[in-house]
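A short worksheet on the structure shown next.
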Amino acid sequence: MAGSLLLSLMGMVGTLIGSSLTAFITSRSERAKQRALEQQEERQSRRQERLQELDLRLEQHRWRREHRKLIYQEFAEKSQLARIAALDHHRSCLPGTPEAGNAEEIRLRGRTTYRDALMTSYAVELQGPEEVAAQANACLTSLRDLLNCAEDHEARSRSRALNQEDLALMDEEISARFDDAQRCLQLFIRAGRVALDRPTPPI
């Protein structure tokens, strides 16, 4: 009788221990699953943040590229206008040319177009990069030399009658500066193209 009671009691204790152990193991397993789920959600959240940041950087890069492109184009166009206007200024100093009849208007146009190119160069300098800004400054220097040459020819034509030797020398001087301005503009365009083709910096 006592033995049966002891065995029954031991069975109950064993059952209780087994149930407690099962509950403990189950609880640990659930906590491990919960931690794994939280870690997975955290990884997904970080990945989503990185993707959103990349999208934002790509959008900023596209916007800045288009903005730079418009500024570079504007500077190139204004530089070309200033280059042609300076050549017209030179021609207006020569006797018998069509431009000679509108010398005052052409002189004003030469100075105005140079000033427009100068003002646009400030936007190029702000946008950068450094190598493009440097080429824009070289363009301005060349345009200034070209305009100075045309103004010098105007002063020369007013001071005396020009002979064939004068005309040949003036043509040589203006042609050299006109070609140099074109060379500088081509270098600016090349530097701008390289800057626009530059890929987005990695995160």
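A few points about this structure:
- Of the residues Ala181, Ala155, the single one that is within 28 Å of Glu104 (Cβ to Cβ) and over 26 Å from the mean Cα position of the chain (by Cα) is Ala155.
- Of the listed requirements (1) within 30 Å of Pro199 (Cα to Cα); (2) crowded, with 18+ Cβ neighbours inside 10 Å, Leu146 misses just one: (1).
- Flag if Glu105 is part of a helix (DSSP H, G or I), free of Cβ contacts under 8 Å to residues at least 60 places away in the same chain, touching a helix residue (DSSP H, G or I) at 6+ places or on another chain (Cβ under 7 Å) and not aliphatic (A, V, I, L, M): no
- If the condition is being charged (D, E, K, R) and loosely packed, with under 15 Cβ neighbours inside 10 Å, then the stretch 112-124 contributes only Arg115.
- Single condition Ala155 does not satisfy, out of (1) closer than 17 Å to Cys139 by Cα; (2) surrounded by fewer than 13 Cβ atoms within 10 Å (Cβ to Cβ): (1)
- Pro129 meets each of the listed conditions (1) farther than 26 Å from Ser159 by Cα; (2) touching a residue at least 24 places away in the same chain (Cβ under 8 Å); (3) surrounded by 16 or more Cβ atoms within 10 Å (Cβ to Cβ) apart from (3).
- Residues of the stretch 164-190 satisfying the condition of being polar (S, T, N, Q) and under 21 Å from Glu151 (Cα atoms): Gln164, Ser175, Gln182
- Test result for Arg198, part of a loop (DSSP other than H, G, I, E, B) and closer than 30 Å to His67 by Cα: yes
- Candidate set from the stretch 39-69 (those that are within 30 Å of Cys139 (Cβ to Cβ) and loosely packed, with under 12 Cβ neighbours inside 10 Å); member that is modelled with the lowest pLDDT: Gln60
The values are calculated or read from the model by the stated rules, or taken from the named source; none is laboratory data. What you see is a predicted model, and the numbers here were worked out from it, not measured in a lab. Virtual Cβ from ideal backbone geometry, glycine too; neighbours counted across all protein chains shown.
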